[in-house]
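K.L.:
I have a structure I would like to understand better, so I am pasting it below and will then ask my questions one at a time.
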Amino acid sequence: VTTKTGALVAVYDLRHKNAGDLPGDIDVAAQRSTDNGLTWSPMARVLDYDKEANGSAGNGVGDPCVVADLKTGAVWVAGLWSFGNRGWHGSGPGLKPAETGQFVLSRSDDDGVTWSAPINITEQVKQPEWRLCFQGPGRGIQLRDGTLVMPAQFKSGGSSAAPHSFFIYSEDHGRTWQSSPPAIPEGQNPWTTEAQLVELADGGILLSMRNHDDRQQRAWSVFTRNLATGKLAGSGWSPVTFAV
């Protein structure tokens, strides 16, 4: 992302043992550039949990999503924290770290030089019956009215554990977060996961989603604002379309 001062901040998984996904010994790291990407700073740890914690299976955190607030100057990074086997396959219903993967954030107020301790927003954005809820990954956006938006995904409860794309958003510059409805309602196909988004000229949010059916095309849907209030709450999704 490009920050309010024009610095670039890039985030990524720091996978210490191998190339595998969570669970494992994984941290989220960042580097920054103040010369349009010609040179980059040393690596900084953004999210890092104690890998020696008993029963933690590496205590990994990964799949980062980053968004810059161009009004306040803050940079936010989201990660999925897996205490024990709480990644894609091992996470279950509930809200506690021993039950389910955790949706955590870190904030920088100095263009990515230093980062806050983890901020856990699992209870704000996850339904207890879902088996997992986490970020895009990738990058988020700031809408023209200042709202911060990050792509996200969840796995339904029950035996199907079907994945659905949606987004989380903050209308108070990251103090609190809310979840949108899924682009494809629970119980309906296709399954969708990783997504990216953009604000359209009319204020709608276009979501481009990884699609898991056989057509080998991405799924697209537009979230329109509530015309009566101008807010995201109370709005809805357009029918899903498919494109390369």
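The values are calculated or read from the model by the stated rules, or taken from the named source; none is laboratory data. Model, not experiment: these values are computed from the prediction. Note: ideal-geometry Cβ built from the backbone for every residue, glycine included; neighbour counts use all protein chains shown. For the accessible areas, the whole protein counts, side chains as well, though only heavy atoms, and no ligand, DNA or RNA atoms are used. Shrake-Rupley method; radii C 1.70, N 1.55, O 1.52, S 1.80 Å.
K.L.:
Which net charge results for the neighbourhood of F223, defined as the other residues with beta-carbon distances under 14 angstrom from its beta-carbon, given Lys and Arg at +1 and Asp and Glu at -1?
P.N.:
Numbers: positive: R225, K231; negative: E199, D202.
So the environment of F223 carries a net charge of 0.
K.L.:
While we're here: If each DSSP helix of 4+ residues adds -39,500 (n - 2.57) and the sum is divided by the residues in the chain, what number results at 222 nm, nearest 500 deg cm²/dmol? Please list the in-between numbers first.
P.N.:
On the way: 1 runs with 4 residues, N = 244.
Mean residue ellipticity at 222 nm (helix-derived): 0 deg cm²/dmol.
K.L.:
In addition: Please give the length that would be gained between V244 and S159 if that part of the chain were fully extended, namely 0.36 nm times their separation in residues minus their C-alpha to C-alpha distance (nm, one decimal).
P.N.:
Fully extending the segment from V244 to S159 adds 27.5 nm.
K.L.:
A follow-up question, please. K4: net charge of surrounding residues, Cβ under 9 Å, Lys/Arg +1, Asp/Glu -1, itself excluded? Display every interim value, and only then the final one.
P.N.:
Working: positive: K71; negative: D69, D111.
So the environment of K4 carries a net charge of -1.
K.L.:
Could you report the chain's accessible area per residue, 1.4 Å probe, as an integer in Å²?
P.N.:
Spelled out: the 1.4 Å probe surface of the chain, per residue, equals 45 Å².
K.L.:
Something else about it: Using DSSP, restrict attention to beta bridges with both residues in the chain and report what percent are antiparallel, rounded to the nearest 5.
P.N.:
Looking only at bridges with both residues in the chain, the antiparallel portion is about 95 percent.
K.L.:
Here is a further query. Given the protein chains as shown and a 1.4 Å probe, how many square angstrom of L95 are accessible, to the nearest 10?
P.N.:
Rounded to the nearest 10, the figure is 50 Å².
K.L.:
Might you work out the accessible area of I184 for me, using a 1.4 Å probe with all protein chains in place, and round it to the nearest 10 Å²?
P.N.:
10 Å²
K.L.:
As an exercise, identify the trypsin sites (Lys or Arg not before Pro) in the stretch 84-152 lying in DSSP coil whose Cβ has no more than 14 other Cβ atoms within 10 Å.
P.N.:
Those that pass, being in a loop and sparsely packed, are R144.
K.L.:
Just to confirm my numbers, what's the Cα centroid distance between the stretch 112-145 and the stretch 1-77 in Å?
P.N.:
13 Å
K.L.:
Another question, if that's okay. Identify the trypsin sites (Lys or Arg not before Pro) of the stretch 200-230 meeting these criteria: DSSP loop state and at most 12 other C-beta atoms within 10 Å of the C-beta.
P.N.:
R215
K.L.:
Please state the Cα pair-distance histogram of the stretch 143-244 with 10 angstrom bins from zero: what percent is in each bin?
P.N.:
Calculated over all Cα pairs of the stretch 143-244, the distribution is 16, 48, 29, 7, 0 percent.
K.L.:
Sticking with this structure for a sec: What is the local net charge at F154, summed over the other residues whose Cβ is closer than 13 Å to its Cβ (Lys, Arg +1; Asp, Glu -1)?
P.N.:
Its environment carries a net charge of 0.
K.L.:
Here is a follow-up. Loop only per DSSP, at most 15 neighbouring Cβ atoms within 10 Å: give me the chymotrypsin sites (Phe, Trp or Tyr not before Pro) in the stretch 1-75, ordered by residue number.
P.N.:
W40
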